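Trainee: For reference, the structure I am asking about is given below.
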Amino acid sequence: MSAILFEVILIAVLLLANGVFAMSEMALVSSRKARLKTRAEDGDQGAAVALSLAESPSRFLSTVQIGITLIGIFAGAVGGATLSDKVGAMIAPIPLIGAYSQQIAFGLVVGSITYGSLVFGELVPKRLALQHPEFISALVSRPMLGLSKIASPLVYVLSASTELIFALMRIQPRTDSAVTEEEVAGMVREGFEAGVLHEKESEIVHNVLGLDRLTVRHIMTPRPRIVWIDVNDTHEAVWHKIVVSHHSQFPVYEGNLDHIVGILSVKSIYANIAAGLPVKIRELTTPALIIPQMQSAIDLLETLKRQHRHVAFATDEYGSVTGLVTLNDITEAIVGEMPSPGDRRTQSFVKRDDGSVLVDAMIGIEELEEYFKEIDLSEEEERRYSTLAGFVCEQLGRIPGEGESFEFEGYRFEVLDMDRQRVDKVLISKLNSAPPAEAQS
C-alpha cells in the first residue's frame with residue numbers, strides 16, 4: 001500500500017510540475033510587454049527577465065515543451081508500467097471483475113492521470129495565468145531561464161529545428177510588436193465594460209483615435225456661416241458685428257472673400273481703445289494661416305501647434321476659401337460640442353408635431369445620415385457636396401426657390417427658406433407620415 005501511495009504522490013507532483021510549465025507558457029504569451037516593461041523599470045528583476053524571454057520566444061517555448069514532454073513520458077511510464085499492475089493486483093480478488101483486473105486497472109489509472117493532467121496540469125494553471133499574466137511571468141521567469149540554460153543543448157536543437165522549418169516554409173518571423181489601433185480600441189471597450197473607464201472617457205479615446213480619419217472639411221465652419229469683416233468697414237459696422245455675433249476673433253478680407261487679409265482679435269481693438277489709439281483694422285490684423293480642406297484633423301493640430309496659431313482658413317483645390325477652423329473645433333471633435341457664453345446657435349434638427357423635421361441646410365452629410373438612419377447617400381469620394389444645401393442643389397440641378405421639393409429614398413425634401421442664393425432651411429418628412437428615426441445620444 002505504501003508503494004502505491006508513493007507512486008500516486010509522485011504522479012501528483014509530476015502533474016503539478018506540468019501545470020507550472022503550462023502556466024508559465026500561457027502567462028508569458030499573454031503578458032503585455034508594456035506592463036512588463038513598466039514593472040522592470042520599477043525594479044522588478046523577474047519582469048526584466050520575462051521581457052527578455054518574450055523577445056526570444058523560441059528558446060522559452062522549447063524549454064517548456066521539453067519539460068512538459070519529459071513529465072508526460074515519466075508520468076505515463078509510472079502509471080502504465082507500475083501503478084496499473086499494483087491496482088490490478090488489488091482488484092483481482094474481487095468476484096466477477098477479477099478476471100478483468102488488469103484491463104480495469106489500466107483504464108482507471110490512465111483515466112485518472114488524464115483527468116488530473118487536463119484539470120490540474122492544464123486548465124486550472126492556464127486560467128490562473130490569464131488572470132495575472134505579468135505577475136506570474138515575473139515569478140517564473142528566472143527559474144525558466146535557469147532550466148533553459150541547463151537544457152541548452154536540447155533547447156538549441158529544438159530552436160534550430162523550428163527556425164529551419166520556418167525558413168523552408170518561407171514564413172518570416174514577426175518583427176512588429178506595436179499595438180494596433182484596433183487593439184487599443186478593444187482595450188478601451190473592455191475597460192468601459194469592466195467599469196474601469198467612464199462612458200465619456202471611452203468616447204473621448206475613441207474620438208482621439210479617429211482624428212486621423214477626420215478632415216478639416218468635417219469640422220470647419222462653412223464659409224456662409226462665417227461672420228466676415230471688410231478691411232474697409234466703418235467703426236460702427238465692425239462693432240455691430242462684434243456685438244451681434246459674440247465672437248472674439250473675426251476673419252478680415254479685402255475686395256472679395258477669397259482675398260484674406262488675416263484675423264482681427266477683439267482684444268486688440270479693446271487694447272487700442274484703452275490706450276487712446278485709433279482703431280485701424282489693417283494694422284490690428286494678424287496674418288492668415290491657409291490650409292487645404294482635405295488635411296486631416298491630426299495634421300491640423302500639429303500645424304496649429306507648430307505655427308502657434310488658433311485659427312486657420314480652409315481652401316479647396318482651386319484656392320477658394322471654403323471655411324474657417326479653430327483649435328476649439330478640434331477640441332469639440334474630441335469631447336463633443338462646447339457652447340460658448342452667449343452662443344445663439346440654433347438647433348440643427350427641430351422635430352415638429354406632424355413628424356416632419358426642420359433642418360438647417362448647412363448641416364454636414366454625415367450628421368444628416370446619423371439622424372435619418374434610412375437615408376444613405378453616395379460614398380464620400382463620389383460626392384460633389386458636403387452639406388444638405390449642396391445635396392438639395394444636386395438633386396434639383398439648380399439653385400432652388402422657396403417651396404420647391406423633391407423625393408428621395410422615401411422622404412420628401414422641401415425648401416422652406418432661402419438666404420439670398422443659399423438654401424437655409426429644409427423640411428424633411430417621411431412619405432408614409434411615420435416619424436423619422438431619432439438621433440442616438
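The values are calculated or read from the model by the stated rules, or taken from the named source; none is laboratory data. These numbers come from a predicted model, not from an experiment. Because the Cβ atoms are built from the backbone with ideal geometry, glycine has one as well, and the counts that use them run over all protein chains shown. Heads up: the accessible areas ignore ligands, DNA and RNA and are worked out on the full protein's heavy atoms, side chains in. Shrake-Rupley method; radii C 1.70, N 1.55, O 1.52, S 1.80 Å.
Trainee: Does LEU108 satisfy being within 30 Å of THR38 (Cβ to Cβ) and either open to solvent by 60 Å² or more (accessible area, probe 1.4 Å) or among the hydrophobic types (A, V, I, L, M, F, W, C) (or both)?
Mentor: When the stated conditions are applied, LEU108 does not pass them.
Trainee: Okay, moving on. Considering only region 112-123, how many residues are within 42 Å of the chain's Cα centre (by Cα), open to solvent by 40 Å² or more (accessible area, probe 1.4 Å) and more than 8 Å from GLY19 (Cα to Cα)?
Mentor: The qualifying residues number 3.
Trainee: If you take the residues in region 133-151 that are touching a residue at least 24 places away in the same chain (Cβ under 8 Å) and of a type in the set (D, E, K, R), which one is surrounded by the fewest Cβ atoms within 10 Å (Cβ to Cβ)?
Mentor: ARG142
Trainee: Say we look at region 263-293 and pick out the residues that are closer than 17 Å to HIS310 by Cβ and in contact (Cβ under 8 Å) with a residue 40 or more places away in the chain; which of these is nearest to the chain's Cα centre (by Cα)?
Mentor: ILE291
Trainee: What number of residues in region 96-105 are open to solvent by 20 Å² or more (accessible area, probe 1.4 Å) and not aliphatic (A, V, I, L, M)?
Mentor: So the answer is 3.
Trainee: Out of ALA288, ALA333, which single residue is in contact with a helix residue (DSSP H, G or I) (Cβ under 7 Å, 6 or more places away or on another chain), surrounded by 12 or more Cβ atoms within 10 Å (Cβ to Cβ) and at pLDDT below 90?
Mentor: ALA333
Trainee: Next up: Enumerate the pairs (first residue in region 385-400 and in a helix (DSSP H, G or I); second residue anywhere and aromatic (Phe, Trp, Tyr)) with beta-carbon separation below 6 Å, excluding pairs fewer than 6 apart on the same chain, so at least 6 apart or on different chains.
Mentor: Close Cβ pairs satisfying both conditions: PHE391/TYR385; GLU394/TYR385; GLN395/PHE406.
Trainee: Just checking, does region 261-270 include any residue being open to solvent by 50 Å² or more (accessible area, probe 1.4 Å) and under 26 Å from ILE290 (Cα atoms)?
Mentor: For region 261-270, residues open to solvent by 50 Å² or more (accessible area, probe 1.4 Å) and under 26 Å from ILE290 (Cα atoms): present.
Trainee: I want to confirm something. Restricting to region 301-313 and keeping residues that are under 17 Å from ILE226 (Cβ atoms) and not charged (D, E, K, R), which single residue is most open to solvent (accessible area, probe 1.4 Å)?
Mentor: The residue in question is HIS310.
Trainee: If you don't mind, there's one more thing I want to ask. If you check every pair at least six apart or on different chains, which have Cβ atoms under 9 Å apart with a residue in region 56-77 that is farther than 18 Å from ILE11 by Cα first and a residue that is surrounded by 20 or more Cβ atoms within 10 Å (Cβ to Cβ) and among the charged types (D, E, K, R) second?
Mentor: PHE60/GLU25; LEU61/GLU25; VAL64/GLU25; GLN65/GLU25
Trainee: While we're on this one: Looking at region 350-374 only, could you name the residues that are modelled with pLDDT of 85 or more, among the hydrophobic types (A, V, I, L, M, F, W, C) and either within 30 Å of LYS305 (Cα to Cα) or assigned to a strand (DSSP E or B) (or both)?
Mentor: Residues satisfying the conditions are VAL350, VAL357, LEU358, VAL359.
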